[in-house]
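The values are calculated or read from the model by the stated rules, or taken from the named source; none is laboratory data. For clarity, every value in this text was computed on a predicted model and none was experimentally measured. Cβ: placed from backbone, ideal geometry, glycine included. Neighbour counts: every protein chain shown. The area values use the complete protein model at the heavy-atom level, side chains included, leaving out ligands, DNA and RNA. Shrake-Rupley method; radii C 1.70, N 1.55, O 1.52, S 1.80 Å.
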Amino acid sequence: ESIKGYLRKSREKYVIISDCNCAFTMDFRQVIKAHKDSGADVTMVYRKQEIPEVFSRPNSNVNQDLYYTMDVEDGRVKKIYINAKEKGEVNYAMNIYVIEREKLIDLIEDAYVHGYSYFTRDLLAPQTDSLNIQGYEYDGYVAQITDLKSYFDENMRLLNEENRNALFRKGNFVYTKVRDDNPTRYINGAKAKNVMVADGCVIEGEIENSILARG
């Protein structure tokens, strides 16, 4: 009810729904334009990639999480698969959706009546025939966090300048809470190679292939 109340007060025609475990640079205006031009009920953003390795590890806690792949024909999503085990490149859903505000309210009311909990599994996957669900392919850089190992791996990938430039494109800024500290100090004799070091650090020894957080 609180979500519906918020949506009803909103003056925006379109709503973007997104998970928070991915870091990427995307101009959502282009996605909204594609959504409007296609006349879609829902637009799903996806990328061509292999299913993250973490979902196939035995005894992994994330095996209970839901992820989605899809068949896309001429831009339209024809079939949504839940926790597929395909090998190789697939159309992997990024869990980013564009939908008209009133349409989303209708789907929420339908979910409430039927006791549904999952937007994609319960509302979209069974209605690919009745809903015009369009796919929008994103081909830019994505850092996807699925567990502690992937969090570490994605951070380390940013030591590569090419990856860093792909994620933080020129003119696209990442805003965060300001907490300025003293600049990093490198004591005489300190050595640093292929590192990212935040403010507030003091380097007295040798560091290599490392990322150091504030302080």
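Annotation: aspartates and glutamates with alpha-carbon distance below 12 angstrom to residue 13 (same-chain offsets under eight excluded): 100, 102. For the chain, the longest principal axis of the Cα atoms and the long axis of helix 148-157 meet at an angle of about 60 degrees. For the listed residue pairs 36/85; 36/87; 48/79, the alpha carbons are over 22 angstrom apart in 36/85; 36/87. Only DSSP H runs of four or more residues enter the estimate; each adds -39500 (n - 2.57), and after division by the residues of the chain the mean residue ellipticity at 222 nm equals -7000 deg cm²/dmol.
Contact order normalised by length for the chain, with contacts defined as Cα pairs under 8 Å and 6 or more residues apart; what percent is it?
With pairs under 8 Å counted, the relative contact order is 22 percent.
The calculated pair-distance distribution of the chain uses every alpha carbon pair, bins of 5 angstrom beginning at 0, and gives 1, 6, 11, 14, 16, 14, 12, 9, 7, 5, 3, 2, 1, 0 percent. Couplings 3J(HN,Hα) of the range 195-207, computed from phi: 9, 10, 10, 7, 5, x, 9, 10, 9, 10, x, 10, 10 Hz, in residue order, whole Hz [Karplus 6.51 cos²θ - 1.76 cosθ + 1.60, θ = phi - 60°; x for Gly and Pro]. Distances between placed amide hydrogens fall under 5 Å for residue 192 paired with 207, all partners being 5 or more residues away or on another chain.
The gain in end-to-end length when the residue 159 to residue 103 segment is fully stretched comes to 15.9 nm, 0.36 nm per residue minus the alpha carbon separation.
Using per-residue counts of other Cβ atoms within 10 Å, averaged over each peptide, order 103-116, 29-42 from highest down.
Working: 103-116: 13.6, 29-42: 15.6.
Sorting 103-116, 29-42 by mean packing, highest first, produces 29-42, 103-116.
Between the amide H of residue 78 and those of 71, 72, 73, distances stay under 5 Å, these residues lying 5 or more places away or on another chain, with hydrogens modeled in the peptide plane.
In order along the range 86-99, the Karplus-derived 3J(HN,Hα) couplings, from 6.51 cos²θ - 1.76 cosθ + 1.60 at θ = phi - 60°, round to 5, 9, x, 6, 9, 7, 9, 5, 8, 6, 10, 9, 10, 8 Hz, and Gly and Pro are given as x.
Considering the dipole of the range 67-215 built from charges on the beta carbon (Lys and Arg +1, Asp and Glu -1) around the Cα centre, which of 194, 167, 105 is farthest to its positive end? Farthest towards the positive end: 194. If you look at the Cα atoms of the range 21-124, you get an Rg and a Dmax of 14.9, 44 Å. Annotation: the antiparallel percentage among DSSP beta bridges lying fully within the chain is about 65.
Segment residue 177..residue 84, full-extension length gain: 29.6 nm, with 0.36 nm per residue of separation and the alpha-carbon distance subtracted. Here the accessible area of the range 32-169 is 45 percent carbon and sulfur, with a 1.4 angstrom probe and all protein chains present. Normalised size of the range 82-163, defined as Cα radius of gyration per 2.2 N^0.38 Å with N residues, equals 1.44. Neighbours of residue 55 by Cβ distance under 13 Å: Lys/Arg scored +1, Asp/Glu scored -1, total -1. Length available on full extension from residue 170 to residue 113: 0.36 nm per residue minus the Cα-Cα distance, which gives 15.9 nm.
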